[in-house]
Amino acid sequence: MGITGIRKLFADTSIALDTISQNSKTAFINTNWTKSDPDNFESQLDNTYQKFSSRSLTNRNPAATKKSVATIVPLYISIYGAHTKANTLLNSVYQEFNTKIKSSIVLIDQAKEYSKTIADNSQSIKDSINTIDSGLKPLADAFDTFEKDFVNSWIDFVNIFKMFL
């Protein structure tokens, strides 16, 4: 990487800090839904199941051994199931919601927090980078001078010498 590469990396880092700082002001302006929508979604899952959970059918043809008329809970209602009960349709929907949406909300909140921290501290980070870069500049200039005055001359000499061999 060398001194020149390090100095370029510092310059690129300063530009990236400016970009993050600028973007953090507008990237997370409308995230209030992340606080209420997950709970609303769970409530909707509960409500849809509660709407159908007590539904049943009357068995008009009970077994001969049974004297009373039995009720039947349709299979689709038990498969639909509560979102908190494993192996139900609503539980599958809920698990996917948790895996994808809730995990994404956590990542959004972290990104919002980290970008704000970077934005709040970007100037002090850039000042530190500039201080280090200023300290490296004389060394980089010395290497550039050495390369220009000696190394390149030596390479030219060797190439000329090879032509006579």
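The values are calculated or read from the model by the stated rules, or taken from the named source; none is laboratory data. The model shown is predicted, which means the values in this text are computed figures rather than measured ones. Don't worry about glycine lacking a Cβ; one is built from the backbone with ideal geometry, like all the others, and counts go over all protein chains shown.
Worth pointing out:
- Here V106 meets each of (1) under 30 Å from I15 (Cα atoms); (2) surrounded by 14 or more Cβ atoms within 10 Å (Cβ to Cβ); (3) free of Cβ contacts under 8 Å to residues at least 40 places away in the same chain; (4) among the aliphatic types (A, V, I, L, M) with one exception, condition (2).
- Qualifying position, being without any contact (Cβ under 8 Å) to a residue 12 or more places away in the chain and touching a helix residue (DSSP H, G or I) at 6+ places or on another chain (Cβ under 8 Å), among L139, L89, L165: L89
- Members of the range 140-159 found to be surrounded by 11 or more Cβ atoms within 10 Å (Cβ to Cβ), under 14 Å from T4 (Cα atoms) and of a type outside the set (F, W, Y), listed by number: A140, D141, A142, D144, E147
- Residues that are surrounded by 11 or more Cβ atoms within 10 Å (Cβ to Cβ) and not in a helix (DSSP H, G or I) within the range 1-30 comprise K25, A27, F28, listed in sequence order.
- Some residue of the range 31-44 being within 19 Å of V73 (Cα to Cα) and either surrounded by 11 or more Cβ atoms within 10 Å (Cβ to Cβ) or free of Cβ contacts under 8 Å to residues at least 60 places away in the same chain (or both): no
- Of the criteria (1) among the basic types (K, R); (2) closer than 30 Å to A142 by Cα; (3) more than 30 Å from the chain's Cα centre (by Cα), which one R60 fails: (2)
- Any hit, the range 118-126, residues being among the basic types (K, R), within 27 Å of T13 (Cα to Cα) and at pLDDT below 90: no
- Q95 under 28 Å from the mean Cα position of the chain (by Cα) and surrounded by 11 or more Cβ atoms within 10 Å (Cβ to Cβ): yes
- Residue check for N47: surrounded by fewer than 13 Cβ atoms within 10 Å (Cβ to Cβ), part of a loop (DSSP other than H, G, I, E, B), more than 29 Å from the chain's Cα centre (by Cα) and not charged (D, E, K, R): no
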